[in-house]
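In what follows, a structure is listed as structure tokens, so that the remarks can point back to it.
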Amino acid sequence: MAGAGYVIICVFFGLAGGVVGRIKGSSFFLWFLISGLVPIIGLLAAVCYRRDDHELRRRCPGCGRVVKVHDALCTRCGTELEYPDVVIAPEASVRHRPA
């Protein structure tokens, strides 16, 4: 019965980490597992994780797909990507720009 309290704490930390991870554009299930298995450190990792919609982007020279700057390969055509001279604004700044 003493372990039930720990399991409840792990579930709530897992839920909190999953929600934070989902808000930042990542997988709820992944952050639920990380935060549930390592309660305090997992939640802190989810809070400190970068936001995907704040990453700079670039256009693939092979197929024209827009990918993140930190990607080394295009996921569509497999072209090896060098660091670009010109970057595209993050999704978050494009979304919040007035019309």
Taking Cα pairs under 8 Å and at least six residues apart, what relative contact order does the range 9-99 come out at, in percent?
21 percent
Nearest-20 debye value, the chain charge dipole, Cβ charges on Lys, Arg, Asp, Glu
280 debye
Given a 1.4 Å probe, the accessible area of the range 1-73 per residue, as a whole number of Å², is 63 Å²
For the chain, longest principal axis from Cα atoms; helix 28-37 axis from its Cα atoms; angle between them, nearest 10 degrees, is 40 degrees
Can you tell me the length gained on complete extension of the stretch Arg51 to Thr79, counting 0.36 nm per residue apart and subtracting the Cα distance?
7.6 nm
Burial ranking of peptide ranges 58-65, 82-89, 34-41 (average Cβ count within 10 Å, highest at the top):
34-41, 58-65, 82-89
Ignoring any ligand, DNA or RNA, what whole percent of the accessible area of the range 1-56 comes from carbon and sulfur when the probe is 1.4 angstrom?
81 percent
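The values are calculated or read from the model by the stated rules, or taken from the named source; none is laboratory data. Fair warning: this is a prediction, and the values are worked out from it, not measured in the lab. Cβ atoms come from the backbone with ideal geometry, glycine included; neighbour counts cover every protein chain shown. The protein model used for the area step is the full one, side chains on, heavy atoms only, and it has no ligands, DNA or RNA in it. Shrake-Rupley method; radii C 1.70, N 1.55, O 1.52, S 1.80 Å.
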